[in-house]
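Here the structure comes first, spelled out in structure tokens, and everything after it is commentary.
The values are calculated or read from the model by the stated rules, or taken from the named source; none is laboratory data. All of these numbers come straight from a predicted model, not from anything done at the bench. Counting neighbours? That spans all protein chains shown, and the Cβs are built from the backbone with ideal geometry, glycine included. Areas reflect the complete protein model, heavy atoms only, side chains present, ligands, DNA and RNA absent. Shrake-Rupley method; radii C 1.70, N 1.55, O 1.52, S 1.80 Å.
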Amino acid sequence: MYETIRIENHDGILLLYFNRPDKLNAINEQMYQELDAFFDSLATREQRAQVLILTGEGRAFVAGADIGPYETMTLAEFRAFQRLGRRVMEKMERLDCPVIAAVNGYAFGGGFEIALAADIIVAAENAKFALPEAKLGLLPGGGGTQRLTRAVGPYVARRMICAAETIDARRAYELNIVTEVAPKGEVVAAALELARTINRDCAPLAVSMAKRLMREGMEASLPTALDMEMDSTALLFMTEDKDEGIQAFIEKRAPQFNGQ
Ligand code: COA
């Protein structure tokens with residue numbers, strides 16, 4: 001059904017492969033369109049994803065936007081491509097389920113920007129991260145100047161973007177971008193294990209609301225964010241899963257959440 005992405009279903013945990021390995025999974029318009037359609041389908045399909053994992057086929061996660069078409073693109077076409085990319089990343093950020101980027105190799109340019117729009121990033125020890133657009137006379141226009149700065153602070157972000165610096169998985173871990181470094185070839189297994197832990201131990205509505213609050217709260221004043229937090233907690237207090245979570249704790253057993 002899709003050509004530039006491939007989806008595997010692991011008992012409700014969806015594994016999405018960026019699938020243009022001969023171009024190091026560089027994102028072209030078709031890939032954005034297919035991602036857009038896939039994210040829409042997650043909101044409508046009966047069995048929603050419990051967790052979504054993103055990774056790359058072959059030796060890269062995603063080596064950025066496909067530079068090839070830039071040579072002949074008009075400004076109007078370039079802007080349309082940028083708008084499409086923004087819509088896709090914002091749609092992904094707003095998915096109910098947690099999104100884990102399992103970075104298996106190069107996450108350059110738009111690839112790093114996709115990872116930054118995910119909720120959690122795990123990386124293989126051979127992963128490399130960069131926003132090298134300045135080398136092309138451009139800048140990271142897929143959210144990179146904003147999301148990286150929010151993630152690591154202005155000084156590290158300025159250095160990475162203005163010097164087009166590449167960092168490895170260990171450095172990304174030190175900078176709190178990556179939460180776990182897995183041996184080469186084992187990053188998808190590490191992401192699957194994390195996804196299964198989330199799925200087994202935590203109520204889906206609680207996870208979904210917490211992730212939204214953490215993202216949206218960062219853009220609000222502290223009192224507003226704390227108001228949002230109180231309201232969300234109150235909503236969760238009325239759910240069946242909260243009853244089940246409390247009951248399971250009291251009965252010293254594992255909870256069985258139903259997402260209600
Ligand atoms: N757009 C289009 N094609 C790309 C690409 C991109 N962003 N990144 C890699 N490719 C292609 C290469 O052109 C090459 O294709 P070819 O075999 O038809 O010549 C293929 O993928 C393999 O890449 P190659 O450069 O040979 O691999 P490498 O291991 O020597 O280098 C990188 C890997 C990631 C360092 C290098 O490919 C690179 O710098 N890519 C561009 C990164 C970038 O600037 N991204 C931001 C884009 S806005």
Just one of (1) in a helix (DSSP H, G or I); (2) open to solvent by 40 Å² or more (accessible area, probe 1.4 Å); (3) closer than 17 Å to Lys128 by Cβ trips up Arg212, so point out which.
(3)
Could you give me the residue pairs with C-beta distances under 7 Å whose first residue belongs to the range 138-162 and is open to solvent by 50 Å² or more (accessible area, probe 1.4 Å), whose second residue is more than 16 Å from the ligand (Cβ to nearest atom) and assigned to a loop (DSSP other than H, G, I, E, B) wherever it lies, and which are 6+ apart or on separate chains?
Arg150/Met218; Ala151/Ile177
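If a residue counts only when it is open to solvent by less than 10 Å² (accessible area, probe 1.4 Å), which strands (runs of 3 or more DSSP E) contained entirely in the range 73-131 have at least 2 such residues?
Result: 99-103, 120-124, 128-130.
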Working only within the range 236-245, note down all residues that are open to solvent by less than 90 Å² (accessible area, probe 1.4 Å) and part of a helix (DSSP H, G or I).
Leu236, Asp241, Lys242, Asp243, Glu244, Gly245
Does the range 81-113 hold any residues that are of a type in the set (A, V, I, L, M, F, W, C) and away from the ligand (no atom under 16 Å from the Cβ), and which are they?
Met92, Leu95, Cys97, Val99, Ile100, Ala101, Ala102
List the pairs whose first member sits in the range 208-226 and is not assigned by TED's automatic domain parsing to the domain that holds Arg147, whose second member is polar (S, T, N, Q), and whose Cβ atoms are under 6 Å apart, counting only residues at least 6 apart or on separate chains?
Met209/Ser232; Leu213/Ser232
Condition met for Glu193 (among the acidic types (Asp, Glu), part of a helix (DSSP H, G or I), open to solvent by 80 Å² or more (accessible area, probe 1.4 Å) and under 30 Å from Asn104 (Cβ atoms))
yes
When every residue in the range 163-179 that is part of a loop (DSSP other than H, G, I, E, B) and hydrophobic (A, V, I, L, M, F, W, C) is compared, the one surrounded by the most Cβ atoms within 10 Å (Cβ to Cβ) is Val178
If we keep only residues of the range 19-72 that are on the phi > 0 side of the Ramachandran plot and surrounded by 21 or more Cβ atoms within 10 Å (Cβ to Cβ), then the residue farthest from the ligand (Cβ to nearest atom) is Asn25
Test for Lys135: is it in a helix (DSSP H, G or I) and closer than 21 Å to Ile177 by Cβ:
yes
Here are some conditions: (1) more than 17 Å from the chain's Cα centre (by Cα); (2) farther than 13 Å from Cys97 by Cβ; (3) in contact (Cβ under 8 Å) with a residue 24 or more places away in the chain; (4) open to solvent by less than 20 Å² (accessible area, probe 1.4 Å). Val187 meets all but one. Which one does it not meet?
(1)
